[in-house]
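Some notes on the structure that comes next.
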Amino acid sequence: MTSAWELLLPAASAPARARGRALQAALRDAVRSGRLAPGTRLPSSRDLAADLGVSRGLVTEAYEQLTAEGYLRSGQGAGTWVGEAVRAARPRARDLAPRPAGERADFVPGTPDLSLFPRSAWAAAQRSVLADLPHESLGYPDPRGLPRLRTALAELLSRRRGVVADPERIVVVSGVAQASALLASVLHARGWRTAGVEDPGSPQHCALYASAGVGTVPLPLDEEGLALDPLRTSGVRAVVTTPAHQFPTGIAYSARRRAELLDWARSVDGLVLEDDYDGDFRYDRAPVGALQGLDPERVAYTGSVSKSLAPGLRLGWLLVPDWLAEAVVERKRTTDLGHPALDQALFARFVERGDYDRQLRVCQRAYRERRDVLVAALAEHFPGSRVTGIAAGLHAIATLPERYGPEERFLARVTEAGVAVRPLAAYGHGAADGPAATKEVRLVLGYAHLTPGRIRAGVGRMAEAG
């Protein structure tokens with residue numbers, strides 16, 4: 001074994017008390033990884049000990065231990081060999097995070113521009129927090145979240161989104177996904193077995209509620225928001241909504257529909273679950289305030305930094321009605337014992353010093369420009385196209401003229417050309433009778449993660465293919 005010295009030398013230089021275990025671990029790892037192949041003859045214990053500068057007894061003990069475990073084999077007078085039983089290769093960590101598939105243009109919605117993440121300000125906040133945070137703050141936190149952060153969030157959300165934000169009813173969560181899972185679990189424990197979801201709508205809502213044993217009932221939309229008659233006859237008492245900027249259609253619920261929705265919730269002793277996923281981003285006027293502000297006891301409100309900072313931070317908030325607060329907090333406690341304290345303290349400082357407001361302004365300017373570029377590019381390359389929905393958020397709905405259809409064929413052509421797009425129909429939950437007989441192509445186009453140049457180039461490539 002000419003490479004034994006190189007493989008095992010680090011183990012030989014370990015502290016005396018740990019040297020035997022280190023030598024065994026190094027030999028075991030070398031066999032598992034294949035660096036010592038099955039059938040390889042090892043040096044005698046005397047020779048290996050001399051090479052490594054350790055006692056012969058240390059090597060003998062390592063050989064005996066690994067022989068007992070099956071990694072090595074030995075025979076009287078025949079030496080020591082790598083066993084034939086080991087077939088495990090070194091485990092490799094796979095990355096299952098969603099990644100672009102390498103398309104030349106990617107208009108799939110849902111991703112912000114991660115290059116806008118404020119690294120310098122975030123690093124400064126982190127240094128400050130690490131310097132000032134009391135030692136006891138690194139213990140298990142209040143499952144609702146650090147009081148400092150809940151207080152900062154209450155002020156922020158009241159000011160920016162018009163919510164009624166009592167810090168005692170704010171729960172810091174790892175994004176809207178955890179908020180939804182907590183609510184679904186609590187509702188299930190109360191005997192609620194179904195919840196309504198917008199159709200079309202986010203496919204994640206169905207999966208999250210199903211994971212807690214709560215089925216979902218697709219409910220259609222009209223031009224003002226969730227259609228009331230199907231909701232009233234559905235039998236559900238909870239409904240998941242995106243009223244500030246409906247995903248994916250891009251409409252904002254009308255004032256009348258918002259009031260009607262709350263009237264329905266009161267009439268059935270029910271709950272509206274408000275997903276305010278991009279409510280800060282409105283480009284033609286001030287954003288419409290959150291629905292929760294109209295009736296905090298009938299609306300559970302969720303939001304996060306996934307569109308404003310980065311989804312990888314896994315940081316969000318949940319405002320719960322008083323009658324659900326205790327159960328949600330207890331479920332949060334048993335789920336994860338609270339959100340990471342250091343992350344909470346960091347974000348609290350970020351909000352308190354105005355850094356988060358500055359970040360929102362940066363994103364607002366960038367995304368408004370990109371939406372304008374997208375609308376102009378569509379008008380240039382697809383004459384007669386329409387962009388519908390309010391000027392807000394990170395995506396737009398584009399309806400192309402019939403001459404570009406049928407939709408299925410159009411999608412096949414642009415996909416072959418390396419353009420990733422999603423049709424509006426992809427976000428349906430199957431409640432409707434099916435698409436109308438039309439050749440129109442209706443697309444949900446995400447633009448926030450693309451530079452203006454890439455938007456123009458991508459729409460041009462889509463036009464060439466279509």
Once label points are set 7 Å from the Cα along Cα→Cβ at both L228 and T335, what is their separation, rounded to one decimal in nm? 3.3 nm
Probe 1.4 Å, all chains present, heavy atoms only: D322 accessible area in Å², nearest 10, is 100 Å²
Per residue, in Å², the accessible surface of the chain once ligands and nucleic acids are set aside, probe 1.4 Å: 47 Å²
Give the Debye-formula value of log10 I(q)/I(0) at each listed q (0.21 Å⁻¹), with one equal scatterer per alpha carbon of region 8-75, two decimals each. -0.85
Taking Rh as the Kirkwood radius computed over alpha-carbon pairs of region 178-253 and applying Stokes-Einstein at 25 °C with viscosity 0.890 mPa s, one gets a diffusion coefficient in µm² s⁻¹ of 197 µm²/s
Scanning the chain for helices, which whole DSSP H stretches are 15 Å or more long along the axis (Cα) and average -1.0 or more by Kyte-Doolittle? 19-33, 56-69, 119-132, 147-161, 176-189, 322-336, 341-352, 355-381, 452-465
Counting pairs of alpha carbon atoms under 8 Å apart in space and at least six apart in sequence, what relative contact order in percent does the chain give? 18 percent
Normalising by the residue count of region 286-429, find the relative contact order in percent from Cα pairs under 8 Å and 6+ residues apart. 11 percent
Set the Förster distance to 51 Å, then compute FRET efficiency between A379 and E6 from the Cβ-Cβ distance, nearest 0.05. 0.20
Nitroxide proxy distance, nm - points 7 Å out along Cα→Cβ at A25 and Q204: 3.8 nm
Expressed as a whole-number percentage, the relative contact order of region 1-65 with C-alpha contacts under 8 angstrom and at least six residues apart is 37 percent
Please give the calculated 222 nm ellipticity per residue for the chain, where each DSSP H segment of at least 4 residues contributes -39500 (n - 2.57) and the sum is spread over every residue; nearest 500 deg cm²/dmol? -13500 deg cm²/dmol
Mean 1/r over all different Cα pairs, inverted: what Kirkwood radius does region 288-350 give, in Å? 13.4 Å
If you keep only loop residues by DSSP, which GluC sites (Glu not before Pro) in region 361-466 have at most 13 other Cβ atoms within 10 Å of their Cβ? none
Roll a 1.4 angstrom probe over the protein heavy atoms and tell me the percent of accessible area of region 347-466 that is carbon or sulfur. 48 percent
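The values are calculated or read from the model by the stated rules, or taken from the named source; none is laboratory data. Quantities reported herein were computed from a predicted structural model and do not represent experimental measurements. Every residue, glycine among them, receives a Cβ derived from its backbone with ideal geometry; neighbour counts consider all protein chains shown. Each accessible area value is taken on the protein alone, full model and side chains, heavy atoms only, with ligands, DNA and RNA left out. Shrake-Rupley method; radii C 1.70, N 1.55, O 1.52, S 1.80 Å.
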